[in-house]
Amino acid sequence: MDSVAPLPPPLSAEDSVAPRVDLEGPAGMRGGAVSGVQAFPLLCTLALGLACFVNTIDFNYGYTNGEDHVGLDWQVVVKLIVAAACSGLGAIGVLMSAQVRQSLASVPGCIIVALAGVLILSSAVALEEAKTVSRVASLVNFGYVMFVPTVLTVLGLRRIVLICLLALVANLMINWVLYLGFPQSGIFEEELLGNHIARRMGGLGHPNSIARTGVLAGVLSLSMLRSADLTPRFPLGRSVLIGIIVVALMTMLATFSRTACVAGLAAAGFLLLDKIFTRNGLVLAGSLIALATITIVATELVTGGGVLGDSLISMTTKTGEVSELTSATGRTAIWAEAVRLISERPLTGYGLNSAPFMMKEFSLHPHNLLLHAMISGGILAGLLTMCLVAWNFFFGLISDEPLVRAISVYVLVSGIFEDTVLDTFASPSTLLWLIVMIYPSIRVLSARMSRRPQPAVPEPRFLPSA
């Protein structure tokens, strides 16, 4: 006998916060323990966790200036596989879910899609030596643009934050094991002017990349502590988050990345702004100072005296030269070269991730978010990025969701001195930036769906066989 499949049940209160993607197209995606609907959230979870974990790994970070380290190796192959999985899941979400499409049709969503499109077009006219990398990078970037609203719709913000935090902490733990137990792999000796050597935490990537991983882990933890919606529900959750923040502070010290430190502290300060000038705020400020002191001492003891002796004094300068600060650690020369390159191809740019081919004598990157966008896609890409930065400033900073405020501050500050986002493979910085840009639209759409009258679920009725 044939039966009529029941209509999907109405959204519950929990679903209004973390709605499921509308995958009712193919019959094989409806009902059943092994259907696509059941498997899709798990696949999104795995893909997001892998992207946060592997996209920052780069064992080729110890290059010398002028050395071309862009190429296809096993690390790139793994990242390509993860990117393909994320892109496929994102494409399914766009095709099957009206909510995903509507979120991309919001104001920040349209700007993000337009920027991704400009980067794809610019890759068509990229320089000969950079065209393959640029075209692959632009397609990967577009795939992650589709993936982010899909996982937001399927998993909800709480699950996404937990997944990203677990991946970031796992990455940090491996870096600390390498730093403490295998110094030949875990310590990066940076040669500075005047034969100065800075010993910084290395391991799975460049010290600046590891520092961003630590900062984001700390920012996510603090956001969860401040957010009513993201408050941890697992045993000893608050204690675990405080422990992660301590590890993040220790990582900031061990990597000696001043940009990451300033951006992370700015995000944390903005999250705590409403608490600072209260009685409890003064107690909290004193506690943070004590915590910072304990962290410095603990890091000194764990690392065997390498931090205070070698680099605590150089948290403001690594070489001891004042010119290092007035030149933004050499970035003024890098920015001047980036402006010169942009002036030669202002309309088309050179393609996404073309800077390593063109700035071999200038640290391989423009070290500024807007300059990075303009080198990649010309003036139009720069204008679209400015619109997104303006959205972070005018709307992100006043959001009632602490995570949105924190990531907005982090990108605004870090983007002055680093590329931060729009990488070849979406780093946690890029993923979280896209998430906080899209999340408000997803939340509005979810609220509308929860208020919409739902049809009653009919009783299953059986029809006689023909």
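Answer rounded, prolate or oblate for the stretch 110-161, using the Cα gyration tensor with square roots of eigenvalues a ≥ b ≥ c: rounded when a/c is under 1.5, else prolate when a/b is larger than b/c, else oblate. Prolate, since a/c reaches 1.5 and a/b exceeds b/c. Taking Cα centre as origin and charging only the Cβ of basic (Lys, Arg, +1) and acidic (Asp, Glu, -1) residues, the dipole magnitude of the stretch 75-178 rounds to 260 debye.
Leaving out ligands, DNA and RNA, and with a 1.4 Å probe, what % of the accessible surface on the stretch 133-238 is carbon or sulfur?
On the way: 2550 of 4050 Å².
So the carbon and sulfur contribution to the accessible surface is 63 percent.
Any idea how far apart Glu129 and Arg340 come out in nm if each label point goes 7 Å out from Cα toward Cβ? About 1.6 nm, to one decimal. Sparse packing (at most 11 other Cβ atoms within 10 Å of the Cβ) combined with a DSSP loop state is found for the following trypsin sites (Lys or Arg not before Pro) in the stretch 212-268: Arg233.
All Cα-Cα distances of the stretch 193-243, cut into 5 Å bins from zero to the largest, leave 4, 18, 18, 15, 13, 11, 9, 4, 4, 3, 1 percent in each bin in turn.
Got a sec? What order do His367, His206 fall in by accessible area at 1.4 Å, biggest, i.e. largest, first?
On the way: His367 20, His206 50 Å².
Result of the area sort, largest leading: His206, His367.
Computed over the Cα atoms of the stretch 392-435, what is the ratio Rg over Rh, Rh following Kirkwood?
On the way: Rg = 10.3 Å, Rh = 10.6 Å.
Taking Rh as the inverse mean 1/r over Cα pairs, Rg/Rh reads 0.97.
Quote to one decimal, in nm, the extra length available between Ile174 and Ala447 on full extension: 0.36 nm per residue of separation minus the C-alpha distance between them.
On the way: separation 273, 0.36 × 273 = 98.28 nm, distance 4.02 nm.
Contour length minus the Cα-Cα distance gives 94.3 nm.
Sparsely packed loop sites in the stretch 333-406 (the GluC sites (Glu not before Pro) outside DSSP H, G, I, E and B with at most 16 other Cβ atoms within 10 Å) comprise Glu361.
The values are calculated or read from the model by the stated rules, or taken from the named source; none is laboratory data. No experiment lies behind these values; they were computed from the predicted model shown. Using ideal geometry, Cβ is built from the backbone for each residue, glycine included, and neighbour counts are taken over all protein chains shown. When the accessible area is computed, the model is the full protein with side chains, heavy atoms only, and any ligands, DNA or RNA have been set aside. Shrake-Rupley method; radii C 1.70, N 1.55, O 1.52, S 1.80 Å.
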